[in-house]
Every structure is written in C-alpha cells, then in structure tokens.
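Coordinate-derived values only; no laboratory data. Note that the structure is predicted; figures quoted are calculated from it, not measured. Positions of Cβ are backbone-derived with ideal geometry, glycine not excepted, and every protein chain shown enters the neighbour counts.
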Amino acid sequence: MCRFVQTQTCVEIDEAALKYLASELAAAYGGPPVKVLHWLAAAPASVQVFINQAHLQEAVSFLTLFHAIGFCYWGEPRWTFTSYGTTYNGSLALLHSLRENLYHLKNLAANQTTTPEQFSAGLGGVNRLCLLPERLEFFRDLTKRLQEGELTRLLQEEDCLTKAFYIEASYSGFQDTARIDTPQGKVILPFLKRAQLLVSDIDYLIRLKGGSGLPEADRLTAFADYKVPQLLREAGALIYDPELSEKVDNKIELPEDSLEELSIRASTIVAVDKLKRLIAQRGVSLSAAEVDNLLWLKSQKEAQAPSAIRPYHRTMTCRY
C-alpha cells in the first residue's frame, strides 16, 4: 500500500496538515482516560438501545447484515428514511430501516422470487438505493449463512486481520481487493473496507458485553470509503491533482479500480496510519481503526455545518 501511494501522482499527503489534525484530535480525545468514540455513537437512539440490550449473537447478526448491504449511499436523489419525525440518510437511514424492518426483510430474502423492487419496498423510505440487485443477493446469502450457524465462526477468537480476510473470501459482497498494473508491475491492494469494519464492530460488541475483545485489533487499517478522504482533503491532509480535483468537485464519477479512485483510497489508509503515529507522539495511543472512527464522526458533524465542505469522490461500487 505504501509503495503504491509513493509512486502514484494523483494524491499527495501533506505532512504539516496531518500534524495539525493530530494535535486537534489528541486535544479533543486525549485522557486520561482516553475518550474514544465508536462510529455507533452517531447511531439513532433506538439502534443504540437495541445493541446495548441485545445478546451478543443477536447484535453481531444485526451488524453483519447491515454491513452486507451498507455501501454506496450517495445516489441521487438520496434515499432517506424517516422515523419518529426525524429524517435520516446514508448509513444512519439504513440502521433505522433494518431495526424497524429486519423481520420482514428476512422473510423477503428467504423467498427466491423476491425482486429488487420488493426488497426496496421492504426497506421503506423515500427514493431508492442504487445497486439493489446486489444488495438483495448479499442480504439473502448472509441471512442463510447466519441461520446455518455462521455466528459461531464470526465470534471465534482469532486475530482481527485473519477474520477480515476470512469474511472477504467467504461472504458475498465483502470482496474488496484491487489489482492494478503499474510501471513497477502488478500491485495488489487489499482494502477490505467492510470486512475490517465488521471485525472492528464485533470487537467493539464483545467489549461492550463485558468481554476482552478480539486479539490484535490494532492491526486493522483505516476503512477506506468516501467520507474519511473527504474530511482529510478538507483538512488539507490529502491534496488532489488539478484534474482529479475538478472531477471530484463537479461530482464526476470515478470508475471502480481506476488509478484515481485507488489513489484516494490507498492514500487514506496511509494518511490515517501516519495520523495514528502523530497522535501517539502527543501521548494518546489509538489504533488506525479508532482514528478512522473519530474522523468519520467528525465528517458527520461537518456535513451538517452551515458552510458545506467540498464533495466526496463518487464511485459506483459495492465495496464501500
């Protein structure tokens, strides 16, 4: 990943901006005790209550199904879901929808004649998510596997990266390893965005329920999506070349596995790792996954600010 980032020319990592951001995060979340927030801290209250009260297996099953279809929320017009008078979009909308419609959606998935349109109606909300045939396929596969006892495998104690690679190799829709030809030869980039995020969530849930978590959680990387690089770019930590800047700012889609898209995602992972080390120099020990969580939460707050930040990159993909 680092070698690819060093050789590509689409995205530059600004070390000075990273240092400033590291100081900001260390001051905001430093201790003692260290106040680390998980991304689920932004979840609707009803979802947080459910996760807190549910048995570990039930909570893990819920989030596994969520991540199976939790990608590419940016289609226009945006899909929204309203609950108790509040309208949500993106991942928070999907969390609400699954919490309220999970039983019905499982029944739909069990019926092999269910169409993507029927699955969309089952999700509810206004407008519709893109890539619905893929979402239905992934949800159907995971629902069946979880019924067959896959939860035992998910909760098995093993190091986090091993579990993430297992999820990518075994579960429909979690494949997220890119391959690209460069002047230096073929480069393999194992992003594993949603597989790693699911493993991180399982670790979080185990600790939430009083356990000691999964081994080697600190080996997880950042979860390369489109919201975290948007925030890093706004902070000056990622600098796009003029051509890429024009495309992103004008909401021109970047093809999946294009050099520009892969450069953004790979640079995000390297930048977050650098940020983790800079934060550690300020006396706050965080993993890359924890730093990612803080950045994602920060991106949610900035998206609601009166002065809108520049757009995120758009790629039609099931990966993130």
If packing is taken as the average count of other Cβ atoms within 10 Å, what order do 261-274, 286-299 fall into, highest mean first?
261-274, 286-299
Using Cα pairs closer than 8 Å and at least 6 residues apart in sequence, work out the relative contact order for the stretch 107-201, in percent.
21 percent
Over the alpha-carbon set of the stretch 251-320, work out the extent along each principal axis and list the three values in angstrom, largest first.
41, 32, 18
So which residue, out of A110, A22, A68, gets the largest mean-square fluctuation from a GNM of the chain using Cα contacts under 10 Å as springs?
A110
Considering the dipole of the chain built from charges on the beta carbon (Lys and Arg +1, Asp and Glu -1) around the Cα centre, which of T64, S258, C10 is farthest to its positive end?
T64
Take the residue pairs K106/K227; K247/K274; K163/K301; K19/K186; K163/K209 and return only those whose Cα atoms are more than 22 Å apart.
K106/K227; K247/K274; K163/K301; K19/K186
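List the equivalent ellipsoid semi-axes of the stretch 11-98 in whole Å, largest first, each obtained as the square root of 5λ for an eigenvalue λ of the Cα gyration tensor. Before the final figure, lay out each step's value.
Values: eigenvalues 172, 84, 36 Å².
Rounded to whole Å, the semi-axes are 29, 21, 13.
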Of the residues L220, I202, A237, the Cα lying farthest along the dipole of the stretch 190-237 towards its positive end, which is defined by charges on the beta carbon of Lys, Arg, Asp and Glu, belongs to I202
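Charges at C-beta only: +1 for Lys and Arg, -1 for Asp and Glu. How large is the resulting dipole of the chain about its Cα centre, in Debye rounded to 20?
Values: 34 positive and 38 negative charges, 117 e Å.
Rounded to the nearest 20 debye, it is 560 debye.
What ranking do 234-242, 176-184 get when scored by the average of other Cβ atoms within 10 Å per residue, highest first? Mind dumping the intermediate values first?
On the way: 234-242: 17.6, 176-184: 13.1.
Listed from highest to lowest mean packing, they are 234-242, 176-184.
Can you tell me the relative contact order of the chain? Whole percent, Cα pairs under 8 Å, sequence separation 6 or more. Before the final figure, lay out the partial values.
Numbers: 463 pairs, mean separation 87.7, N = 320.
Relative contact order, the chain: 27 percent.
Scanning the chain for helices, which whole DSSP H stretches are 24 Å or more long along the axis (Cα) and average -0.5 or more by Kyte-Doolittle?
On the way: long enough: 90-110 (25 Å, 0.16); 259-281 (33 Å, 0.41).
Qualifying helices, which must be both long enough and hydrophobic enough, are 90-110, 259-281.
Once you order the gyration tensor axes a ≥ b ≥ c over the Cα atoms, which shape class does the stretch 125-217 get: rounded for a/c under 1.5, otherwise prolate or oblate by comparing a/b with b/c? Walk me through the numbers on the way to the answer.
Working: a/c = 1.96, a/b = 1.14, b/c = 1.72.
It is oblate, given that a/c is not under 1.5 and a/b is not larger than b/c.
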